[in-house]
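In what follows, a single structure is set out as structure tokens and then discussed.
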Amino acid sequence: MPQDIDSQTNHQKDPQASFTDDEHLADDSHKQGQQESSSNNNVDDDANDNSNDNVGDNANNNTNETKATEDLKDNDLPEEISDEDKETIKKVANDDNLSHAKSYASILVEQVMDAKETFERSLGSLFTSAFTAGLEIGISFFMILSAFALLNEVIPSHYAMVLSSLLYPIGFIIVVIGQSLLFTEQTSLLSLPVLNKIEPLHKLLRLWGIVIAGNIVGGCLFAALMVGLGLHMHLFTDHAIDVYAEHILGFEWWVIFGSAVLAGWMMGVTAWLVTSARDTLSRIVLVTIITGSIGFLGLHHSIVGNIEVFSALLYGNTVSLWRYLVFLVVVLVGNTVGGVVFVAVLKNRTFLFEIEKVKEQAAEARAELDRRRF
């Protein structure tokens, strides 16, 4: 990723400077209010204080919204980027006006910065966060299986399966809003620093391995404990677990792979759209729509699928260990391809094309200026 991203954002728009000015204004106004309090009543003082608080709050909000692009430093980016490219990227990413949708460049910059922060976390922190995500995502399956077992008694199995899948987003909302590390959400995000030569490939592979391991261990523990608890609570039966597992496994491997690619693609889009959103409610709506679509279509998600199939391995009668392992490998590869190729590579490539266009426009403008001078 070109190093210009940071400079660009800071040159054309400095939210921190604005925040500092607002603080000075707030302090001056407050002092003036205190000086006038001897001759004016307390109502004027209260009005001044409220005004100062509003100014400070607005400044804080603006600072938080633009913090991702503001904090980017030159040493976060490749050293081989030219000064001209830096200025170009500043121009492209600087249009992040709070009254409008986030720009393409500012979304990409924010994702790269988030990914870099993940790269810098300790192994223990990464694994714990991934393990937590594996547990949390299991809530989706627990709710789906309970609803399926209930609906299957009153309506045909196929319709019960479709209706229960509408509960699919619950675990994803918990994971995404809680900012735990889920592999399919992080696949495209973590690959961006590598695509832009900020981080080496071996660090990405190690990071993926840690996140996958944490997600799978957490999911398997959830299956062993919570699904077993659900059986003893009579929320569902082992037959329902087998039926749902066959709903996932009953395809040729290449069909499962293609389905996993599409699911990985949609999860990568989810990460992109969540970054583009400015508030929590918007993020919840986006996660609900996209992951709900994955569940409704019956697409194969590696981490949820791990829990679904592992539960059948433990408590059902139709899944063997070999069948479980083959399924897990195929779906993990498919999700990775979908997230990296169809989201990270294409989005990143689009941004680079945009940079080239701005560079050409800048060159034309300089040439026109030179002609006018001479």
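The values are calculated or read from the model by the stated rules, or taken from the named source; none is laboratory data. Everything numeric in this text was worked out from a predicted model, so none of it was measured. Ideal geometry is used to build each Cβ from the backbone, glycine not excepted, and the neighbour counts take in all protein chains shown. These accessible areas exclude ligands, DNA and RNA; they are computed on the full protein's heavy atoms, side chains included. Shrake-Rupley method; radii C 1.70, N 1.55, O 1.52, S 1.80 Å.
Order HIS247, HIS158, most accessible first, counting only protein heavy atoms with a 1.4 angstrom probe.
Values: HIS247 65, HIS158 130 Å².
From most accessible down to least: HIS158, HIS247.
Work out, step by step, the length gained on full extension between GLU246 and SER320: first 0.36 nm times the residue separation, then minus their alpha carbon distance; give nm to one decimal. Could the numbers behind the result be given before it?
On the way: separation 74, 0.36 × 74 = 26.64 nm, distance 1.20 nm.
Additional length available on full extension: 25.4 nm.
For HIS234 and ARG373 in one chain, what is 0.36 nm times their gap in residues minus the Cα-Cα distance, to one decimal in nm? Walk me through the numbers before you get to the answer.
Details: separation 139, 0.36 × 139 = 50.04 nm, distance 8.43 nm.
This chain segment gains 41.6 nm when fully extended.
When the chain is fully extended, how far beyond the present Cα-Cα distance does PHE296 get from TRP254, taking 0.36 nm per residue of separation?
13.1 nm
Roughly how many Å² is the accessible area per residue of segment 121-175, as a whole number, for a 1.4 Å probe? Please report the intermediate quantities before stating the final value.
Values: 2380 Å² over 55 residues.
So segment 121-175 comes to 43 Å² accessible per residue, rounded to a whole number.
Under a no-solvent Debye model with one identical scatterer per Cα of segment 108-159, what's log10 I(q)/I(0) at q = 0.21, 0.29 Å⁻¹?
Taking Cα atoms of segment 108-159 as identical point scatterers yields -0.80, -1.00.
Which value in Å does the Kirkwood hydrodynamic radius of segment 186-273 take, with 1/r averaged over all unlike C-alpha pairs and then inverted?
Numbers: mean 1/r = 0.0625 Å⁻¹.
Taking every pair of different Cα atoms in segment 186-273, averaging 1/r and inverting gives 16.0 Å.
Quick one: with all protein chains in place, what share of the accessible area of segment 227-320 is carbon or sulfur, to the nearest percent (1.4 Å probe)? Write down the numbers at each step before the final one.
Details: 2770 of 3950 Å².
Within segment 227-320, the accessible surface is 70 percent carbon and sulfur.
What nm distance separates the two modelled labels at VAL341 and LEU205, each placed 7 Å from Cα along Cα→Cβ?
Result: 1.9 nm between the two label points.
May I ask you to derive the FRET efficiency for ALA213 and VAL154 from their Cβ-Cβ distance with R0 = 45 Å, giving the value to the nearest 0.05?
Details: r = 40 Å, r/R0 = 0.90.
Efficiency for this residue pair is about 0.65.
Write down the accessible area per residue of segment 183-334 in Å², having rolled a 1.4 Å probe over the full set of protein chains.
Values: 6280 Å² over 152 residues.
With the other protein chains kept in place, segment 183-334 gives 41 Å² per residue.
Using the Karplus equation 6.51 cos²θ - 1.76 cosθ + 1.60 (θ = phi - 60°), what ³J(HN,Hα) coupling, rounded to whole Hz, does each residue of segment 136-148 give in order, writing x for Gly and Pro?
5, 5, x, 4, 4, 5, 4, 5, 4, 5, 5, 5, 4
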